[in-house]
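Step one of this worksheet: look at the structure below.
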Amino acid sequence: MLKPLFLLILWIPRQLFSYLKQIWSLKRYPPGPFPLPVVGSMWRLLGIGVSEATFRKLAKRYGNICSLWGGPYHIIILSGYQAVKEGLIDHSEAFADRPITPFVLASTQKRGIVFSNGHIWEQQRQFGIVTMRKLGLGNKGMESQIQEEAQQLMEFFAETKGQPFDPSLPIMRLVCSVICTVAFGHRFSIDDKDFLELMKAISIALKFGGNPFYVLYEAFPNIMKHLPGPHQTALSALETIVSFARKEIAQHKENQNLHEPQDFIDFYLLKMEKKKDDPDSTYNEDNLALCITDLFIAGTDTTYASLTWAMLLMANNVDVQDKVHKEMDEVFGSLPSISYQKQKKLPYTNAVIHEIIRKKYPFLFGLPRQCVQNVELNGFLIPKGAVIFPDLRSVLLDPEHWEAPEEFNPNHFLDKEGHFVEKEAFLPFGAGARACLGELLAKTEFFNIFTRLLRHFRLEPPEGVEKLSEKSIIGVSVHPAPFKICALPRVRTP
């Protein structure tokens with residue numbers, strides 16, 4: 001009895017001293033909600049709730065660079081174009097790391113691209129950038145495969161014969177199939193048991209990010225790892241994806257052709273062979289399996305969410321899709337498909353695609369970074385080890401850079417003559433050292449699918465529905481609530 005009491009007497013002053021030290025240091029850091037013992041400043045979220053507008057509400061109260069304290073983490077939120085630019089671009093190298101939380105560690109072991117740091121990350125990312133370029137725009141074969149997948153989706157739409165249907169599942173299958181083609185060099189039948197298991201595992205892993213058990217695992221990992229629950233299901237799902245990748249790696253090794261790489265695994269195995277005598281090489285099968293897992297997790301959900309939002313927005317803005325269809329018909333006539341390189345000939349269509357991504361950004365904010373050294377930002381100290389949340393959504397809705405940020409308006413990307421205009425505040429793929437390496441593939445995929453569908457179908461709400469709800473479902477990414485549309489075949493004019 002005396003020993004626990006003695007330990008408690010020692011513990012209380014230490015915690016009090018640590019808390020007072022934290023309070024004393026606040027004046028050096030960006031402002032934010034006052035931190036309380038144990039809960040930090042997370043109490044403030046109870047008052048404003050967790051939504052797409054949470055960080056913007058904090059910015060309105062505390063400024064575009066503000067602090068939150070949660071457990072052992074000092075969180076810095078960057079809001080608006082200027083603050084995000086200063087952080088991610090002007091101090092790119094200082095904010096190059098990812099925070100390795102307990103769940104991230106358990107699921108990745110610091111491997112792959114998205115959640116690795118240091119030398120491993122530098123090598124894996126550099127390889128990823130070079131290889132995705134080879135597999136993306138510069139590879140006509142890859143784009144033709146994307147077009148084949150788009151054709152499969154178009155055939156599914158045609159089979160609905162104008163009746164209401166939910167487009168989410170066929171879009172998810174398409175996006176997964178594209179990633180399979182990129183990573184493995186081949187697609188799977190939609191009835192393939194392994195492919196269906198892979199899709200299910202991806203869905204489980206992605207949904208877990210919005211589960212309360214995720215927060216519990218991050219807060220109490222030593223306890224949660226021994227308890228059953230959704231966190232164990234999510235970890236098992238991630239392992240299923242890794243195992244799927246390892247199986248494909250083994251098959252590629254059996255049929256390896258080091259002189260004619262066709263997919264991500266081929267290029268990686270070639271790199272492993274070239275670097276096998278390099279003691280500093282991090283190219284190995286463990287990192288390859290996690291790189292592929294990153295492709296599925298990062299590349300599937302964002303493109304899937306954006307395409308699903310595209311279907312909804314086009315059904316709600318029939319006048320916009322009619323103008324898109326008219327432009328494509330006038331420029332390309334009966335040409336069966338339009339390559340991504342031809343987008344400059346379609347300024348209005350290009351503007352609509354960019355506006356869909358801007359208005360319905362698929363993440364809640366942006367993937368976190370970690371500060372690797374003390375940095376001064378706008379007069380505030382950003383300490384080494386701080387977790388940085390760049391609110392990319394706030395950049396895409398920054399009123400200083402968008403005329404009507406809350407409205408869906410393709411004119412945001414058009415000048416008075418109707419020419420497409422690049423916008424510096426269009427940063428959905430991030431910026432700086434950790435910018436999304438799959439950006440080119442995602443743009444190529446979106447363009448091909450979007451143009452193919454709108455050339456052949458007019459998307460409308462079901463009969464009796466004036467306008468589809470744009471209510472969001474928030475998890476790791478932001479999806480529309482389930483909805484149905486009608487795909488009416490367009491009659492081509494001679």
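The values are calculated or read from the model by the stated rules, or taken from the named source; none is laboratory data. From a predicted model like this one, the values you see are computed outputs, not experimental measurements. Reconstructed Cβ throughout: ideal geometry from the backbone, glycine too, with neighbour counts over all protein chains shown. All accessible areas refer to the heavy atoms of the entire protein, side chains included, with ligands and DNA or RNA removed. Shrake-Rupley method; radii C 1.70, N 1.55, O 1.52, S 1.80 Å.
If I filter the range 169-198 down to residues being in contact (Cβ under 8 Å) with a residue 24 or more places away in the chain and more than 18 Å from Ile146 (Cα to Cα), which single residue comes out as surrounded by the fewest Cβ atoms within 10 Å (Cβ to Cβ)?
Asp194
Out of Phe115, Phe157, I need the residue that is closer than 29 Å to Leu216 by Cα and crowded, with 20+ Cβ neighbours inside 10 Å. Which one?
Phe115
Which condition breaks for Cys291 when tested against (1) within 19 Å of the chain's Cα centre (by Cα); (2) open to solvent by 40 Å² or more (accessible area, probe 1.4 Å)?
Answer for Cys291: the failing condition is (2).
Which of the residues belonging to the range 365-423 are more than 30 Å from Val104 (Cβ to Cβ) and assigned to a strand (DSSP E or B)?
Answer for the range 365-423, where residues must be more than 30 Å from Val104 (Cβ to Cβ) and assigned to a strand (DSSP E or B): Leu414, Phe420.
Just one of Ile171, Ile129, Ile179 is of a type in the set (Val, Ile, Thr), within 19 Å of Tyr283 (Cβ to Cβ) and not in a loop (DSSP other than H, G, I, E, B); which is it?
Being of a type in the set (Val, Ile, Thr), within 19 Å of Tyr283 (Cβ to Cβ) and not in a loop (DSSP other than H, G, I, E, B) holds for just one of Ile171, Ile129, Ile179, which is Ile129.
Say whether the condition of being assigned to a loop (DSSP other than H, G, I, E, B), at negative phi and not polar (S, T, N, Q) is met by at least one residue in the range 342-351.
Looking through the range 342-351, at least one residue is assigned to a loop (DSSP other than H, G, I, E, B), at negative phi and not polar (S, T, N, Q).
When the residues of the range 260-281 are filtered to those that are touching a Pro at 6+ places or on another chain (Cβ under 9 Å) and either open to solvent by less than 30 Å² (accessible area, probe 1.4 Å) or in a loop (DSSP other than H, G, I, E, B) (or both), which remaining residue is farthest from Leu135 (Cα to Cα)?
This residue is Leu269.
For the range 30-53, give me the residue count where each residue is touching a residue at least 24 places away in the same chain (Cβ under 8 Å) and within 30 Å of Pro405 (Cα to Cα).
10
Where the second residue is buried (at least 24 other Cβ atoms within 10 Å of the Cβ) and among the hydrophobic types (A, V, I, L, M, F, W, C) and the first is modelled with pLDDT under 95 and lies in the range 348-362, which pairs have Cβ atoms under 6 Å and are six or more apart or on separate chains?
Matching pairs, first to second residue: Pro362/Ala305.
Could you identify the single residue in Glu406, Glu330 that is acidic (Asp, Glu) and under 30 Å from Pro31 (Cβ atoms)?
The conditions single out Glu406.
Does Glu460 satisfy the condition of being buried (at least 19 other Cβ atoms within 10 Å of the Cβ) and closer than 16 Å to Leu313 by Cβ?
Taking the combined requirement at face value, the residue satisfies it.
Considering (1) open to solvent by 30 Å² or more (accessible area, probe 1.4 Å); (2) touching a strand residue (DSSP E or B) at 6+ places or on another chain (Cβ under 9 Å), say which one Ala59 fails and leave the rest.
It is condition (1) that Ala59 fails.
With the structure loaded, tell me whether Asp294 is more than 21 Å from Cys436 (Cβ to Cβ) and in contact with a helix residue (DSSP H, G or I) (Cβ under 9 Å, 6 or more places away or on another chain) or whether it fails that test.
So Asp294 fails the test.
Quick one: count up the residues across the range 307-338 that are open to solvent by 10 Å² or more (accessible area, probe 1.4 Å) and either within 24 Å of the chain's Cα centre (by Cα) or among the aromatic types (Phe, Trp, Tyr) (or both).
Qualifying residue count, the range 307-338: 1.
Suppose we filter the range 136-163 for residues that are in a loop (DSSP other than H, G, I, E, B) and at pLDDT 85 or above; how many remain?
The total comes to 4.
Does Ala298 satisfy the criteria of being open to solvent by less than 10 Å² (accessible area, probe 1.4 Å) and part of a helix (DSSP H, G or I)?
No; evaluated as a whole, the condition is false for this residue.
Could you run through the range 58-67 and say how many residues are over 15 Å from Pro399 (Cβ atoms) and within 23 Å of the chain's Cα centre (by Cα)?
2
More than 16 Å from the chain's Cα centre (by Cα), within 20 Å of Ala305 (Cβ to Cβ), part of a loop (DSSP other than H, G, I, E, B) and touching a residue at least 40 places away in the same chain (Cβ under 8 Å), is that true of Phe426?
no
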